[in-house]
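Enquirer: This is the structure I want to talk about, given as structure tokens.
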Amino acid sequence: MRRLLVAALAATGLSVLAPVTATAVEADAGDRPAVVEARTIGHSVRGRPIRAWRLGEPGRRRVVLISTMHGNEPHTRGILESLRDGRAIRGVDLWVIPTYNPDGLARGTRRNARGVDLNRNFPFDWADLDGNYESGPRPGSEPETRAVMRFLEGIDPFRVVSFHQPLNGVDTDTKDSRFARRLARALRLPQASLDCGGLCHGTLTMWFNHHFRGAALTVEYGARPARRRMVVEAPRQVLGVLGAHRASRS
């Protein structure tokens, strides 16, 4: 797997950064019983940390959930933060990255602090795009992109789910369409073919699906989903479709 990532980055003139080491593993999970490990996996253009939280049971099937790749799509963070901040989780080895683009979130913009759409910056089928989908000067040019690539290469998950807004659907035209359909039913979202209007170049899910054994897909909620749906209903639905559950109250 590492050879695949090295080759993908070498083709762009970039190098693979060292994997996250023990010095980057943070023990201050605080009063979050679901958290078994926390890492700062990288930093944004403006130096803000990008944090990943491990929940559940290491050794189980590994899943990664990612949100706020676009800073003007903030609501689905509630799903991941609720999973992180609630009771302990059983039945899955789950990593969550609630805020992938902290600079964009701070500014309320789709793109990062250099004006790059991070979901057009990955080194697979990259194209030189401008405007709202500005793809950067080269594939993998952004520190946020490289941080997530390095993280995913290091843990090699079975599934990746990338949460977005506002298209309201689950992309079932993907590597594991059967799981995508189950997820759509569980989340009560329409099944869809999210082709970006022909501008799906250099996306995270395309890159992951091409280079890894596992499968990645995109989930889109609407522009203003209800808070209860994000922090109560969706976390429970996600755990259910993953075959996981919260630990019983003591």
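What follows draws every value from the coordinates through simple rules; no lab data is involved. The structure presented is a predicted model; accordingly, all values stated were derived computationally and were not measured. Using ideal geometry, Cβ is built from the backbone for each residue, glycine included, and neighbour counts are taken over all protein chains shown.
Enquirer: Percent relative contact order of region 2-243, based on C-alpha pairs within less than 8 angstrom and at least six residues apart?
Expert: 20
Enquirer: Can you sort Arg249, Arg150, Arg188 from fewest to most other Cβ atoms within 10 Å of each residue's own Cβ?
Expert: Arg249, Arg188, Arg150
Enquirer: Considering only Gln191, Thr203, His164, whose Cα is most displaced toward the positive end of the charge dipole of the chain, charges sitting on Cβ of Lys, Arg (+1) and Asp, Glu (-1)?
Expert: Farthest towards the positive end: Gln191.
Enquirer: Follow-up question, since we're still on this one. How long are the three semi-axes of the equivalent ellipsoid for region 76-222, computed from the Cα gyration tensor as the root of 5 times each eigenvalue, in whole Å, largest first?
Expert: 23, 18, 16
Enquirer: So for Glu134, Glu144, fewest C-beta neighbours within 10 Å to most, what's the order?
Expert: Starting with the residue having the fewest Cβ neighbours, the order is Glu134, Glu144.
Enquirer: Follow-up. So which residue, out of Asp176, Asp130, Asp117, gets the largest mean-square fluctuation from a GNM of the chain using Cα contacts under 10 Å as springs?
Expert: Highest fluctuation of the listed residues: Asp130.
Enquirer: To continue, here is another question. Taking the simple approach of a point 7 Å from Cα along Cα-to-Cβ for both His43 and Arg182, what is their distance in nm?
Expert: Placing both labels 7 Å beyond Cα along the Cβ direction yields 4.1 nm.
Enquirer: If I stretch the segment between Ala127 and Glu57 completely, what's the gain in nm (0.36 nm per residue apart, minus their alpha carbon distance), one decimal?
Expert: Numbers: separation 70, 0.36 × 70 = 25.20 nm, distance 3.89 nm.
The Ala127-Glu57 span can extend by a further 21.3 nm.
Enquirer: Let me ask another. So I have (i) 71, 46, 35; (ii) 49, 46, 38; (iii) 53, 42, 35, and one of them is Cα extents along the principal axes in Å calculated from this model. Which one is it?
Expert: (iii)
Enquirer: Further question: Taking 45 Å as R0, compute the FRET efficiency from the Cβ-Cβ separation of Leu199 and His245 and round it to 0.05. Don't jump to the answer; show the numbers that get you there.
Expert: Details: r = 39 Å, r/R0 = 0.86.
E(calc), rounded to 0.05, equals 0.70.
Enquirer: Just to be sure I understand: with springs between alpha-carbon atoms less than 10 Å apart, which residue in Ser135, Ser177, Ser162 has the highest mean-square fluctuation in the Gaussian network model of the chain?
Expert: Answer for the Gaussian network model of the chain: Ser177.
Enquirer: Could you list Ser44, Ser141, Ser248, Ser67 in order of exposure, starting from the residue whose Cβ has the fewest other Cβ atoms within 10 Å?
Expert: Listed from fewest to most nearby Cβ atoms, that is Ser248, Ser141, Ser44, Ser67.
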